[in-house]
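The values are calculated or read from the model by the stated rules, or taken from the named source; none is laboratory data. Remember, it's a predicted structure, so these values are computed and weren't measured experimentally. All Cβ positions, even for glycine, are placed from backbone atoms using ideal geometry, and neighbour counts span all protein chains on display.
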Amino acid sequence: MTCSECASGGANVFGTRQAKSQLKRYRKKGPDGTTRMLLNALTAEGVEGLTLLDIGGGVGVISLDLFKSGVTAATEVDASPAYIAAAKAEAARQGFADRITCQQGDFVALAADIPAADIVTLDRVICCYPDMPALVGQSATKATKLYGAVYPRDLWWVRALRNIGNPILRLMRVPIRLFIYRTAAVDAVIRGSGLVPRFHRNAGYWQVVVYARPV
Ligand SMILES: C[S@@+](CC[C@H](N)C(=O)[O-])C[C@H]1O[C@@H](n2cnc3c(N)ncnc32)[C@H](O)[C@@H]1O
């Protein structure tokens, strides 16, 4: 997927229907398993009084949960207008409207104007984007304290799923492609911005990572 496709509406894979169904699921069940793992790993580092930049934040689950753990303010950048609208509405419903700023667009294109934050997160976003070094590199430089991500594991069967899935998506004219990057390559980009690893856990298809900036 490119973010112009993501933001274009129409056959948008992250459109209004998907946003509604994600919100319904979140209200009923709370954060998904790997999102919960990421949230637990971040809160274990201490998040009280910190600010957040959540890139590709969807309906805003990470911001909403971290507000309850003491994060003071969050910026969500998402390429999908429908997800941004849902995140704003849910934040207002939960009484956090004054603590969240939402910006629609491709983070890589907007990065120069996005302020740094104590915590930066990308939950299941790296696999949507064709230029990992740009997305991960630019987002990592924005993290003054913690950097968390959930992205696909670098395994043969995960790549096999991508190899089967992408042609099907193309045939169905779904404007999204899965990108599976080498763990060593993602790790090198994050470390290259001065962050050091603090947490790593595998969970089926996904891996959950947290890095910290040494003081
Ligand atoms: C699979 S969804 C994940 C949403 C949410 N983080 C979650 O885990 O439920 C991927 C999200 O990333 C957004 N996205 C992908 N690439 C992006 C980019 N370069 N800039 C901003 N948002 C992006 C998409 O619009 C979509 O909302």
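Checking the range 163-183 against the condition returns no match, with no residue being within 16 Å of the ligand (Cβ to nearest atom), assigned to a helix (DSSP H, G or I), β-branched (Val, Ile, Thr) and at pLDDT 95 or above. Among the candidates GLY105, GLY95, GLY148, GLY70, the residue that is within 14 Å of the ligand (Cβ to nearest atom) and either surrounded by fewer than 23 Cβ atoms within 10 Å (Cβ to Cβ) or over 22 Å from LEU195 (Cβ atoms) (or both) is uniquely GLY105. Across the range 68-105, the qualifying residues are those that are hydroxyl-bearing (Ser, Thr, Tyr) and touching a residue at least 40 places away in the same chain (Cβ under 8 Å), and the one among them that is nearest to ALA143 (Cα to Cα) is THR75. Which residues, taken from the range 184-215, are in a strand (DSSP E or B) and under 19 Å from TRP157 (Cα atoms)? Residues satisfying the conditions are ARG201, ASN202, ALA203, TRP206, GLN207, VAL208.
Can you tell me which residue within the range 108-134, out of those that are free of Cβ contacts under 8 Å to residues at least 24 places away in the same chain and either farther than 19 Å from PRO81 by Cβ or buried (at least 23 other Cβ atoms within 10 Å of the Cβ) (or both), is nearest to the ligand (Cβ to nearest atom)? If you could, list the steps in order and put the result at the bottom.
Residues of the range 108-134 that are free of Cβ contacts under 8 Å to residues at least 24 places away in the same chain, as a first pass: 112-113, 131.
Filter once more, so that each one left must be either farther than 19 Å from PRO81 by Cβ or buried (at least 23 other Cβ atoms within 10 Å of the Cβ) (or both): 112, 131.
Working: ALA112: 14, ASP131: 9 Å.
Result: ASP131.
For the range 28-67, residues that are surrounded by fewer than 22 Cβ atoms within 10 Å (Cβ to Cβ), more than 9 Å from the ligand (Cβ to nearest atom) and without any contact (Cβ under 8 Å) to a residue 60 or more places away in the chain total 11.
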